[in-house]
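Read through the structure below, which is laid out as structure tokens, and then see the notes.
The values are calculated or read from the model by the stated rules, or taken from the named source; none is laboratory data. Remember, it's a predicted structure, so these values are computed and weren't measured experimentally. Heads up, the Cβs are rebuilt from the backbone with ideal geometry, glycines too, and the neighbour counts pull from every protein chain shown. Heavy atoms of the whole protein, side chains included, go into the accessibility calculation; ligands, DNA and RNA do not. Shrake-Rupley method; radii C 1.70, N 1.55, O 1.52, S 1.80 Å.
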Amino acid sequence: MLRQSLALLSIFAVACYGQTKVPVYVYYESLCPDSAKFVNEQLYPVAKAFKANLELHLVPYGKSSYTTQGSDVLFTCHHGENECYGNKVHACAIQHIQGNSFQPNISREDLTLDYVNCLMARAQLKDGLFPTKICADEVKIEQWQTIQECANSTEGSTLLKQHGDATNKLQKPLNNVPTIAFKQTYDGELQKLSLNSFRQALCKNLSPQPVQCLDFPGSASTISSSIGAIVSVIAVLAARLF
């Protein structure tokens, strides 16, 4: 009964105020095992479940650094030269992936996330070539050649430099890779929570919370807090309606 009541209140709140959407910035590295673990096990499934509530910004750079020599940009990356190339592939994919005609219900953002999830999983296998085309075939990305050409050109360097500037603006150097920043603001407690349970961290930043945030392990403390949530929602709705 409690679960159904909370679900109805959540639906009512969303109907009154609309879906909330929070911007989340993920700063990561293409060959970082911790980044891969977060993307594959936390970010990807949660982002799929909370599509209507998450404005995702992927920033592939991490603890890299760069110098400029004239028009050239030279990168030094946390996990070596291959990671610099991988970061460029990610940057070019984020820039160039588009929706396609044979998957009209899948958005550009969906395809980008699917592709990045595949790249992060397969790149950890270290079985030769970076999985640019393998993942494009798996996810049905039409622009893989454009992505590859971009990663091997000055465009890839320019895009990666932009991600580097965005990373350095948040924190230089990053304390952790990956770093997860809600509303482009670093918070140490949310960082720890995101790595442990990105779903819980996201729900803490959503108001009103969607039905997907409701969780009922059955403990007394959870039931008590849920009752408090019902009272709070009723009070807010009553104030707005009257």
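In the list K192, K140, K169, K183, which residue meets the criterion of being on the phi > 0 side of the Ramachandran plot and free of Cβ contacts under 8 Å to residues at least 60 places away in the same chain?
Numbers: K192 fails: on the phi > 0 side of the Ramachandran plot; K169 fails: on the phi > 0 side of the Ramachandran plot; K183 fails: free of Cβ contacts under 8 Å to residues at least 60 places away in the same chain.
It is K140.
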Keeping to region 22-37, report how many residues are touching a residue at least 12 places away in the same chain (Cβ under 8 Å) and surrounded by fewer than 22 Cβ atoms within 10 Å (Cβ to Cβ). 6
Out of the residues in region 129-148 that are farther than 16 Å from G86 by Cβ and in a helix (DSSP H, G or I), state the one that is nearest to the chain's Cα centre (by Cα). V139
Within region 125-136, residues being open to solvent by 80 Å² or more (accessible area, probe 1.4 Å) and either of a type in the set (S, T, N, Q) or touching a helix residue (DSSP H, G or I) at 6+ places or on another chain (Cβ under 8 Å) (or both) number 2
Qualifying positions in region 165-177 - surrounded by 19 or more Cβ atoms within 10 Å (Cβ to Cβ) and among the polar types (S, T, N, Q): T167
Please indicate, with yes or no, whether at least one residue in region 38-58 is in contact with a Leu (Cβ under 6 Å, 6 or more places away or on another chain), modelled with pLDDT of 95 or more and under 16 Å from K161 (Cα atoms). no
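Each row is one residue, and each column tells you yes or no for (1) closer than 21 Å to N168 by Cβ; (2) assigned to a helix (DSSP H, G or I); (3) over 17 Å from the mean Cα position of the chain (by Cα).
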residue	(1), (2), (3)
L31	yes, no, no
E55	no, no, no
G62	yes, no, no
N87	yes, yes, no
I94	yes, yes, no
T112	no, yes, no
Counting only residues in region 73-124 that are within 19 Å of H57 (Cα to Cα) and hydroxyl-bearing (S, T, Y), the one most open to solvent (accessible area, probe 1.4 Å) is identified as S107
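Against the definition (in contact with a Leu (Cβ under 6 Å, 6 or more places away or on another chain) and open to solvent by 20 Å² or more (accessible area, probe 1.4 Å)), how does Q162 come out, yes or no?
In short, no.
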Would you please name the residue that is least open to solvent (accessible area, probe 1.4 Å), looking only at residues in region 52-66 that are farther than 16 Å from V24 by Cα and small (G, A, S)? S64
